[in-house]
Amino acid sequence: SAAEAGLYTASDQVVLLSPENVESVLINSTAAVFAEFYASWCGHCIAFSPIYTSLARDIKEWKPAVDLAAVDCAAEENRKVCTAYGIRAYPTIKFFHAYSKADSTGQAFKVSTHDVRVLRHKIIDKLDNHEEPWPPACPPLEPTSQAEIDSFFETNNVQHLALIFEDTKSYIGREVTLDLLQFENVAVRRVLSTEEGLVTKLGVTEFPSCYLYSPEGNFTRLQVNIEARTFYSYALQRLPGVARSGKPRPVTTDVLINNPQEPWKPFNRSRVYMADLESTLHYSLRVELAAHTVIKGEALTSLKKYISVLAKYFPGRPVVMNLLESLNSRLQTGDEISYKAFRETLDNTAQSPDTALPEGVRWVGCQGSQPHFRRYPCGVWTLFHVLTVQAKNARGTDPREVLSAMRSYVHSFFGCRACAEHFEIMASESLAEVNTLSSAVLWLWSRHNRVNNRLAGALSEDPNFRKIQWPSPEMCPACHSVKENGEHRWSQEQVFPFLMSYFSSSTILTDYLE
Ligand code: FAD
């Protein structure tokens, strides 16, 4: 379809415009919208598309107030749309303020930079100068005053007020305000360094810095590794009582139960459990594959690659490794296999008692606070992170061996078909660039974070296990740093050893195994 031929896909945080939805997205919307009109053949558009995609990921939390959209004017079916909006050159970005009228063709928004940070600031400028009616979801962005703060809790029913002290030119206060837009029980205001009363009262000497003001009248400094946007937003989203609007509150683990026969298993959130890995194998081999009566062709190739990397790199107990080895040799011959025959090898424990994959699932690190949360997909990610790390340790010869096995397993068998499609898009975009075993470990980590970004706040998010850009600053302080301009930067030279140790066979816990 045209959407697939264009420069953006359904897995980007960009609304794809078409003749069917263009009016409902741009006209009379409660959010302000930036729309990019591009032609998929235009070189500048191609060069700009990764910038626009990362901008969309970067301001994902701002969606109720401001959204990004795009339309491919090179697609025949969109020609009328692009003509109606007066588009003659590509790319053209237009700004549609909230509640734009049906005859509006938007305001020109000049893109003279490929710097995501500068674009984000220009978006804030547009919001700052937004005419009435103001997008209802957008919080106030102007600086606050002593008077507003004095009476703040009389008119606002929140537990925390975060005050970001900053210079006039700084955008951090407004960025954090918008980053917290979808969270309740917290409000954010910027205080200018020129607001002498407050600056003196709190003894503020560092700009930016962030202080929490409580309804009891106390001020406390927000503790962060680095005084920068991402660190403030992350810390504020995790304050006690703060939760995503409209989402259930996290519950304490002592009231969590898997089912009446199966009590909640206490676990360490920063460790990997063998019980999850074995449960994932059980579910994958005994449930997911069982949907295929006969496995042949592309599916058989996928299965062979999957079992082969498991036999090579799964850091399992000897009985499990023996079983994986016998499955691997069973698959060496024949150009098709029935699931029944596969299953016979899998369950053939009577003949060889030292060869077995335990039956059933015992989720531990992948337990969810509700039966429909986490579990198997959590296990699949964990399994493949472990395998990329084991392949690196075992000095595998093909840098893409594990990821390519994962790609084809997900493509042929993973029951979540939307997940499989999204994963295939990411793999076809950049898997070919992976050319060392270390970059395979990092590729899976960064793509998993991309999925986390897309799913943060989605219905499938367990309120007790929120989708974060992982590892958090608490788990790995050294993994996070900032560039000279204050933008967040992952220190990959720190992330890599962190992953190697986190997923290494020697740190996997064996609690709760049968
Ligand atoms: P998961 O994301 O499953 O992560 C499991 C554990 O891995 C976390 O608890 C954490 O300890 C660790 N972790 C988190 N991030 C990283 C990282 N970046 N690197 C290394 N370790 C990390 N769901 C959808 O709704 N839509 C989709 O398109 C979609 N695509 C998917 C594609 C694949 C290939 C897979 C395996 C799953 C997909 N899912 C998708 C499911 C979704 O990603 C989660 O697995 C599911 O929602 C359960 O989330 P979770 O909280 O257990 O954490």
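The values are calculated or read from the model by the stated rules, or taken from the named source; none is laboratory data. These numbers come from a predicted model, not from an experiment. Neighbour counts are summed over all protein chains in view; Cβ atoms, including those assigned to glycine, are modelled from backbone coordinates with ideal geometry. Remember, those area values only see protein heavy atoms, side chains included, never the ligands or the DNA or RNA. Shrake-Rupley method; radii C 1.70, N 1.55, O 1.52, S 1.80 Å.
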> If you place +1 on the Cβ of every Lys and Arg and -1 on the Cβ of every Asp and Glu, how big does the dipole about the Cα centre of segment 350-441 come out, in debye to the nearest 20?
Replying inline: 260 debye
> What is the count of Lys pairs in segment 72-166 whose alpha carbons sit under 19 Å apart, if the two are 8 or more places apart or on different chains?
Replying inline: 8
> Where both residues lie in the chain, what percent of DSSP beta bridges are antiparallel, nearest 5?
Replying inline: 60 percent
>> I want to make sure I understand the PRE zone here: with the label point 7 angstrom from the Cα of Asn28 toward its beta carbon, which residues in segment 93-107 have backbone N atoms less than 13 Å away?
In response: 99-104
> Which whole-number percent of Cα pairs in segment 201-359 have a distance greater than 19 Å?
Replying inline: 70 percent
> What nm distance separates the two modelled labels at Ser329 and Ile425, each placed 7 Å from Cα along Cα→Cβ?
Replying inline: 4.4 nm
> About the Cα centre of the chain, what is the dipole size in debye to 20, counting +1 per Lys and Arg Cβ and -1 per Asp and Glu Cβ, all else neutral?
Replying inline: 820 debye
> When the convex hull of the C-alpha atoms of the chain is computed, what volume per residue in Å³ does it have?
Replying inline: 174 Å³
> Nearest-5 percent of antiparallel DSSP beta bridges in segment 82-214?
Replying inline: 50 percent
>> Placing unit charges on C-beta atoms (Lys and Arg positive, Asp and Glu negative, everything else neutral), compute the dipole magnitude of segment 413-491 about its Cα centre in debye, rounded to 20.
In response: 80 debye
> Tally Lys/Arg at +1 and Asp/Glu at -1 over every other residue whose Cβ is under 14 Å from the Cβ of Phe314; what's the total?
Replying inline: -1
> Exactly which trypsin sites (Lys or Arg not before Pro) in segment 269-318 are in a DSSP loop and have at most 14 other Cβ atoms within 10 Å?
Replying inline: Arg269, Arg271
> What fraction of the Cα pairs in segment 373-514, stated in percent, has a spacing above 19 angstrom?
Replying inline: 56 percent
> For segment 1-54, what is Rg from Cα atoms divided by 2.2 N^0.38 Å, rounded to two decimals?
Replying inline: 1.17
> Carbon and sulfur together cover what percent of the accessible area of the chain at a 1.4 Å probe radius?
Replying inline: 52 percent
>> How large is log10 of I(q)/I(0) for segment 1-145 at q = 0.14 Å⁻¹ when the intensity is taken from the Debye formula with one equal scatterer per alpha-carbon?
In response: -0.62
> Measuring with a 1.4 Å probe in the full set of protein chains, what accessible area per residue, in whole Å², belongs to the chain?
Replying inline: 45 Å²
>> Which cysteines in the chain lack any other cysteine whose Cβ sits under 4.7 Å from their own Cβ?
In response: Cys138, Cys210
> For segment 138-235, what's the radius of gyration and Dmax over Cα atoms, in angstrom?
Replying inline: 12.1, 32
> What's the angle, to the nearest 10 degrees (0 to 90), between helix 417-430's Cα axis and the longest principal axis of the chain?
Replying inline: 80 degrees
